[in-house]
Amino acid sequence: MADRPIDRGPDPAGRPMRPPRATAETGVGRRTPGENPVERGQVDMSARTDGSTGSVTPPRAPRKLAPDLARGAMLLLIAMAYAGVYAGVGFGVDVSDDPPQDRLAALFTTLFLDNRAFPMFAILFGYGMAWMVSRQKARGTSDEEVRRLLRRRGLLLLLFGAVHAFLFFPGEILMSYGFAALVTGWLLLRSNRAIVRAAVVFTVFYVLTVPVTMIGMAVGNATQGAEAFALPGYLTVEDWIGRLVGLPMGPLFIAFGYPLLLLVVLGYRAGRAALLDDPAVHRGFLTKVAVIGIGVSVLSAVPSALSAVGVMSPDMITEGLYMGLQVLTGVLGGAGYAALFALWSIRLDRRPGPLTRAVAAMGKRSLTFYILNSALVTVVLHTDLVGVGDTVSGAGALLVATLAWSVSLVLAALLESRDRPGPLDELMRRGVYGGRTARRRAAERSAATRPEQK
């Protein structure tokens, strides 16, 4: 994700948008000498002219390390979460009779991985959406054109996710992000207060829906075991029909049973505050978020983790409530992880090593490598393909995911060395923004509607 433009553009009422007022508790919006990229001499102020439209495009500042580093690292955790499903040890599954190494793997994934990687990725998705809108507004793009771009992005994510779910992993997240963009994207053209109000509404909604969903999952796990949520196969016509019929269910289930919309909206607010653009400026606030968020999420996951490994034996309703607590506090865990990677990037940004650059390169191409990691894990672990998932169980599944991520890491570094985008990321960009002709027509539409907004 590239750096945010300095000018945030006007709000829907035509007033210049200002960063939020600083507070002693959060430090959000605090400006210190040297914070402005222009003051630090990091921005080339020579504006460029778009040859297709004749409009002046603000120059881009250097790309920030924190979001890319966080996305690249989270792709490993997401691959691990997917791998556990193929090995039959997904979230909430009882592994009390499994070997010690597999119980230890289940303990680790429940405390630190399940419903923690997904929330962080969702927050970063919302952050990127907020940055995209801010950049478009700084270029003078009309609100109507921004809405069009948001709709395109949401619809394309639904399309990419549908293909991914049909061919590989039905529980994938791209369709959910597309759904979230279509449902909540309009908030990016509203005030910060509107975004906060939406976050409050979604919080109340998920406090009610998540426990109900998790109780249902706990009942399914207790009565049917891992078969309750088994993945469809590849060998029969019924398998493919099941994959096709299940496509619309995935994003709806995630949007109802997991705090998806809340996470994306929190990302919008974080993007407005530019928390990851210059983490050194927000070090105090990010430190609090990392310590409190990760700490609370780990402690709240302990009952569910102990139940999974057989230390506790609650009834189905209580187990579902434990799982609901684990999922809800994943919001704090995801925010804490995002803050932690932002703080880590402060040090790494000064002198990034080869590994840091490779992880960030993967994060810059997150769409491509999210799907590649998922495809590699599927091919190796699915019982109808290579079929290793039948033999490796929990700990081995984590190893397979790590190896798949490592292969992607090498490919990402290779693309970075050649200054090439991820193929799917480039396809998404062209789908959202179009070619030269599409950009010219978009500029004409913005110019035609701009006087009406004054």
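Data overview
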quantity: For the range 152-161, 3J(HN,Hα) per residue [Karplus equation, 6.51 cos²θ - 1.76 cosθ + 1.60, θ = phi - 60°, Hz, x = Gly/Pro]; calculated: 4, 4, x, 5, 5, 5, 4, 5, 4, x
quantity: Volume per residue that the Cα convex hull of the range 63-444 spans, once the total is divided by residue count, Å³; calculated: 138 Å³
quantity: Within the range 63-444: Cβ-based charge dipole about Cα centre, in debye rounded to nearest 20 (Lys, Arg +1; Asp, Glu -1); calculated: 2600 debye
quantity: ³J(HN,Hα), Karplus 6.51/-1.76/1.60, whole Hz, each residue of the range 317-332, x for Gly, Pro; calculated: 5, 5, 4, x, 5, 4, 5, x, 4, 5, 5, 5, 6, x, 4, 5
quantity: Length gained when the stretch I317-R152 is fully extended (0.36 nm per residue, less Cα-Cα span); calculated: 55.3 nm
quantity: The range 152-256: trypsin sites (Lys or Arg not before Pro) falling in loop per DSSP and having at most 15 other Cβ within 10 Å; calculated: R190
quantity: Cα→Cβ-extended label distance, 7 Å offset, between Y433 and S406, nm; calculated: 3.6 nm
quantity: Between the range 332-363 and the range 166-201, the alpha-carbon center distance in angstrom; calculated: 24 Å
quantity: Karplus (6.51, -1.76, 1.60) ³J(HN,Hα), θ = phi - 60°, over the range 409-418, in Hz, Gly and Pro reported as x; calculated: 4, 5, 5, 5, 5, 5, 4, 5, 5, 9
quantity: Net charge of neighbours whose Cβ lies under 13 Å from the Cβ of G246, counting Lys and Arg as +1 and Asp and Glu as -1; calculated: -2
quantity: Simple spin-label estimate for S191 and F253 in nanometres, 7 Å along Cα-Cβ; calculated: 4.1 nm
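Values in this text are rule-based calculations from the coordinates and carry no lab data. Values in this document were obtained by computation on a predicted structure and should not be read as measured data. When we count neighbours, we look across all protein chains shown, and the Cβ atoms used for this are built from the backbone with ideal geometry, even at glycine.
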